[in-house]
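Notes follow the structure.
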Amino acid sequence: MNEHHQQVLKITFTGLTAALAYVAFTFLQIKIPVGAGDQTSIHLGNAVAVLAAQLIGGVWGGLGGAVGMTVGDLFDPIYILSAPVTFILKFLLGLVTGLVAHKIGKINTIREPKRYFKWALLSAIAGLLFNVMADPLLRYYYKILILGKPAAALSLSLNLFSTAVNAVVSAAAATALYMALRPALARAGLLPKGGRL
């Protein structure tokens, strides 16, 4: 597959990822009220972002996840003001996952299922661990400093809880989906070349 086809494949996967992240975030979520008109949620949007970063790299996968979940925020009156933070966090989630999967693990060049399972799981854990630390804190400071919501402290502990639950569920889902999709994509010649973030 030449370089032009690789780019078309990555752009196509990014668009598909954005659509799947939107659906997973919007329709496969459990909202948790945290008071003062705010909410947090448990959802599968992060699993899509992680899976995309594992398959097509951190930049493209992170972009797909970020766009999908940001659009989800923009269409939800509860989350609309959080859209800029969502874009930044989900793009960074993809970058961290892609860094571990592609730069460190070289996941797309590995042939043995046990070895690429290891890097799929490690990259999911790395990206989602970053998200568990960054998401609640960035959202807290965004609400306090930018939006001027003094009640932001009320949502911090619940946001931390939901982000941790999301991380566990997303790591399991993304790794299972990667293990199911990787062989099929490789057989079809649709697995992008490795070595890129």
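List of remarks:
- Qualifying positions in segment 52-78 - open to solvent by 20 Å² or more (accessible area, probe 1.4 Å) and either closer than 20 Å to Lys193 by Cα or outside any helix (DSSP H, G or I) (or both): Val59, Trp60, Leu63, Phe75, Asp76, Pro77, Ile78
- Residue within segment 99-109 that is touching a residue at least 40 places away in the same chain (Cβ under 8 Å), closer than 23 Å to Ala126 by Cα, within 13 Å of the chain's Cα centre (by Cα) and open to solvent by less than 20 Å² (accessible area, probe 1.4 Å) present: no
- Members of segment 100-114 that are within 14 Å of Tyr178 (Cα to Cα) and among the small types (Gly, Ala, Ser): Ala101
- Checked against (1) closer than 20 Å to Gln7 by Cβ; (2) open to solvent by less than 50 Å² (accessible area, probe 1.4 Å); (3) not hydrophobic (A, V, I, L, M, F, W, C), Pro136 passes all but condition (1).
- Listed conditions (1) at pLDDT below 90; (2) within 18 Å of Gly58 (Cα to Cα); (3) touching a Leu at 6+ places or on another chain (Cβ under 7 Å) are all met by Pro136, apart from (2).
- Ala83 vs. criteria open to solvent by less than 10 Å² (accessible area, probe 1.4 Å) and assigned to a helix (DSSP H, G or I): yes
The values are calculated or read from the model by the stated rules, or taken from the named source; none is laboratory data. Since the model is a prediction, treat every value here as computed from it, not as a measurement. Cβ coordinates were reconstructed from backbone atoms using ideal geometry, including for glycine residues, and neighbour counts include every protein chain displayed. Just the protein is used for accessible areas: all its heavy atoms, side chains included, with ligands, DNA and RNA removed. Shrake-Rupley method; radii C 1.70, N 1.55, O 1.52, S 1.80 Å.
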